[in-house]
Amino acid sequence: MRHATNFLATLALAALFTAGCAGPEQKLGRGFNNTFEIVRLGELQRSVEQASIIDGPGVGYTYGVVHGLDKTFARTGVGIYEIVTSPIPSYDPIFTSYLTPKPLMPDNHPAKLPADPLFETDAYTGFSGGAAFPFLPGGGFSVFDY
């Protein structure tokens with residue numbers, strides 16, 4: 001058993017050093033991004049939105065929800081698989097016939113960075129956007145968002 005453990009440890013170390021770092025890093029990041037789809041629910045929202053626009057609201061709230069949940073669970077499963085197999089080649093996205101490599105967002109609510117001094121620095125005025133009163137309930141409006 002001890003010889004098998006040493007052999008497997010050596011094999012894992014050799015795989016780690018021969019893999020390079022760009023491929024496993026991208027695969028691991030894509031895996032985390034896909035795994036958190038179950039929290040983000042972007043596929044579900046997009047599926048309901050697209051089914052409602054194309055076929056009507058009744059279809060959006062029935063077929064759209066079922067189809068969106070199916071894609072959400074599929075993307076989460078693919079993400080878990082990519083996290084587990086991140087050090088192992090191949091580093092290309094998998095299951096692309098059903099899922100896009102990057103998670104989708106609904107067209108009516110695209111993802112954007114928050115108005116925060118971390119992302120929007122302004123050296124000329126000395127301050128940046130962000131919530132005016134983030135500590136008060138309902139005070140989360142952004143100053144510089146139009």
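Derivation of every value follows stated rules applied to the coordinates shown; laboratory data play no part. Bear in mind the structure is a predicted one, so any value in this text is a computation, not a measurement. Neighbour counts run over all protein chains shown; Cβ positions are idealised from the backbone, glycine included.
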Across the Cα atoms of region 35-95, what radius of gyration and what greatest pairwise Cα-Cα distance (Dmax) are found, in Å? 14.1, 45
Report the charge-dipole magnitude of region 2-84 in Debye, nearest 20, computed about the Cα centre from +1 at each Lys and Arg Cβ and -1 at each Asp and Glu Cβ. 320
Quickly work out the Q26-to-S97 label distance, labels modelled 7 Å from Cα along the C-beta direction, and quote it in nm with one decimal. 2.3
Convert each backbone phi in region 48-63 into a coupling constant with the Karplus relation 6.51 cos²θ - 1.76 cosθ + 1.60 (shift: θ = phi - 60°), then list the ³J(HN,Hα) values in order as whole Hz, x for Gly and Pro. 5, 4, 5, 5, 5, 5, 7, 10, x, x, x, 6, x, 7, 10, 4
Considering the options T62, T10, I83, tell which one lies farthest towards the positive end of the dipole of region 2-84, charges being +1 on Lys and Arg and -1 on Asp and Glu at the Cβ, about the Cα centre. T10
Going by C-beta contacts inside 10 Å, put Y98, Y91, Y81 in order with the fewest on the left. Y98, Y81, Y91
